[in-house]
1. By the scheme Lys and Arg +1, Asp and Glu -1, what is the net charge of all other residues having a beta-carbon under 15 Å from that of residue 222?
2. Please identify the trypsin sites (Lys or Arg not before Pro) of segment 460-520 that satisfy two criteria: DSSP loop assignment and at most 12 other Cβ atoms within 10 Å. Which are they?
3. Relative to the first principal axis of the alpha-carbon coordinates of the chain, what is the inclination of helix 708-717, with its axis defined by its Cα atoms, in degrees from 0 to 90 and to the nearest 10?
4. How long are the three semi-axes of the equivalent ellipsoid of segment 476-626, in whole Å, if each is the root of 5 times an eigenvalue of the C-alpha gyration tensor, listed from largest down?
5. Given axes a ≥ b ≥ c from the Cα gyration tensor, I'd like to know whether segment 12-137 is rounded (a/c under 1.5), prolate (a/b larger than b/c) or oblate.
6. When the Cα centres of segment 201-253 and segment 372-411 are compared, how far apart do they sit, in Å?
7. State in Å² the accessible area per residue of the chain; use a 1.4 Å probe, count heavy atoms of protein chains only, and round to the nearest integer.
8. For residue 648 and residue 789, FRET efficiency with R0 = 41 Å and r from the beta-carbon atoms, rounded to 0.05?
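The values are calculated or read from the model by the stated rules, or taken from the named source; none is laboratory data. Predicted, not measured: the structure shown is a model, and the values here were computed from it. Virtual Cβ from ideal backbone geometry, glycine too; neighbours counted across all protein chains shown. Keep in mind that these areas ignore ligands, DNA and RNA; they rest on the heavy atoms of the full protein, side chains included. Shrake-Rupley method; radii C 1.70, N 1.55, O 1.52, S 1.80 Å.
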Amino acid sequence: MGCIWVAGRAVRYRCTHPKITTMRNIGRFRSQLKSLGFSYDWDREISTTEPEYYRWTQWIFLQLLKRGLAYQAEVPVNWCPALGTVLANEEVIDGVSERGGHPVIRKPMRQWMLRITEYADRLLEDLEELDWPESLKDMQRNWIGKSEGAELEFPVLDAGGQERGVGITVYTTRPDTIFGATYLVLAPEHPLLESLVFTDQTKYVEEYKELASRKSDLERTELQKEKTGVFTGCYAKNPANGAAVPIWVADYVLGSYGTGAIMAVPAHDTRDHEFASKYDIPIHWVVKPDDEDGSCIGKAYSGGGVIMNSYSSATGLDINGLSSKEAIPKVIQWAEETGTGKKKVNYKLRDWLFARQRYWGEPIPVVIMDDNGDSVPLPDSELPLTLPELDDFTPTGTGEPPLSKALSWVQTVDPLSGKPARRETNTMPQWAGSCWYYLRFMDPQNSKELVNKEKERYWGPVDVYVGGAEHAVLHLLYARFWHKVLYDIGAVSTKEPFKCVINQGIILGKVQYMAHKDTNGNYVSADSATMSGDLYQEQIPEEKVVKSGEFFVLKENPTIRLIARTYKMSKSKGNVVNPEDVVAEYGADSLRLYEMFMGPLRDVKPWNTSGIEGVYRFMGRVWRLIVGSPLSDGSFKDGTVAIDVEPTVDQLRSLHKCIVKVTEEIEATRFNTGISAMMEFINAAYKWDQHPRSIFEAFVLLLSPYAPHMAEELWFRLGNSNSLAYEPFPKANSAYLKDSKIVLPVQFNGKTRGTIQVEETCTEDEAFTLASTDEKLSKYIQGKTIKKKIFVPGKILNVIVVPEKVKVGQQ
């Protein structure tokens, strides 16, 4: 099924209404895709922005709400003042928004959340059944981040060293190292932090919290960054040995992971070791490496080994001499028996923040009651809840969504009770509509249900999904979550939406060649540039560059090695290639053919204009082979040079070898080698005296997925009245795949002098005739008398020769 989904959600706020911009973009996308001849079923075109579509997005949200998988919570969120909206963790990169690169800060807000964590185990387990790249599976496994360990409670101490009746719960995957815990670290957003800070430390802690709020989770947990923190002035008791340990606040601990607090074991954790070394906190070694060689002295050792320095008569815990593997369950058992902890499975995956402070998004189908503040879902009969028309749809900048400006829309009544209420003014994120679009393709006009069950069973699951790896922990994970919920309520028949995923490689901009120059303007070879003084770089035109071995050098001076580099296409780099310009100059088929000829689909590839000129010439050769040479005025006669004759065996072999190769390479998405096979076929066909119509027709069908426009024209010129789109793809006949010719060694007087190609059924006379007329072998017969011929069919021809006897008196 070939279909196109047009989201139209990535619209920046300008003076033009986003609906107008979206429709304009959709029209442009549609025009470009049609110009390239993509075989989409345009009757199935959908737009996630249309009420007929997002009615069912809202319906899915209501199903999540009914099952307790949608809820509201006060959570620290990524707030982008410039965009005026909250962003998911995945939409924040290096402290700025993925779209626009605007600064992002952490800010507590009440938000709609989706409980994706309820499906964490299933999302992990079912990955094993999928034909996905292993790297993509690993990205999801790491994002979900399942770990097994223990939750342990550290009682908080007052100024006199007595327990205050409150404890800090930490999560650790290494309870065997509890005797090595010399301090605790709380995340800046930990709910207990404010109550723990001593008065003289309050100012410093508050300043630190403010600084931490400006960093993304990624920045805070970056392994290479310098660790920072502030002492709260408070202590807690290590439950294993009763020691008082200081409580710090540091941003390398996240409030969203585990309990938002950790027991720090600086001897056996790299981050903790860096922090303890910086702030002069004690480091206690409790794990001796199995293969101790002294290499870990002065740095953290995070591996397993034999436990030492881990006994307390006061608490009754003794794990000395045990291996790490043995000590972990013993500590957990002790913690559970003493009430100081329990076994715990944890996940890095957090619930999905589902609300956005934008105008252009699906309205959330709930109302908030005026009398009690309860959120009440709308009945299905009220769907779709459509967006109000707004002249001012820009962000408010206060955190209030733009929809709050639509006062007459916001003020409403609960459809069931008739009581006054107000509408939810947050909208759904851009991922909502894309979570289930593949199902809509299966049944795009259905107004009665999400998807017809019979059609869903026929089409689902998606056989092949082609997309970038950047979607691994965004769209692909969200879509799997929603699909599993739909499976649980019986809306779909499969556990997974996408059976096979292929990550296509990025097409980079054109290769840039750079040369080093010194202050005198002389070229300096790249391999010696680091040893030279002040240098600057100069870009070299492609026509002045030549490849020498593995490197590129100056054509006029091959001793000067250049730097060759490519960048992802972007406007800032000025290396964007507009497909419309390429189509205008070379035609759509040339663009299609070149993109497939650049290399395997999964590989990253640089754009090269000379490459498209090469495939353009190939298409010209195909045209001239089948249609004939141009007339004197440059035009071509009607029809083709093909004739209705039976093809020869050699012609059939060439064709069927091409068929099997192209078929295999299409199935393996190695389109470039499929094109190479067609090029080889064309080279062979140019040597034929006659060109059978049946051979050309089969070849044109092979060419059609790559170059549909020219193939269609050739198909009609070959005398066909119906489109080739409805013709079956050629199938290889195995009878023509076996090469009947073999290589036969030829000997003279027992010494191999060369080989000849013969038919498997070749006779002695036929083999000798070929050998005697061979340019290299015939010299061994000249001036000789053939005494004997030894022929083993299919194995060898051995000719016994003697010099000719010269008669007396003859010269």
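1. 0
2. none
3. 30
4. Taking √(5λ) for each eigenvalue gives 43, 25, 13 Å, largest first.
5. Numbers: a/c = 1.57, a/b = 1.19, b/c = 1.32.
Judged from the Cα gyration tensor, segment 12-137 comes out oblate (a/c at least 1.5, b/c at or above a/b).
6. First find each Cα centre; the distance between them is then 40 Å.
7. For the chain, the per-residue accessible area is 50 Å².
8. Once rounded, the FRET efficiency stands at 0.85.
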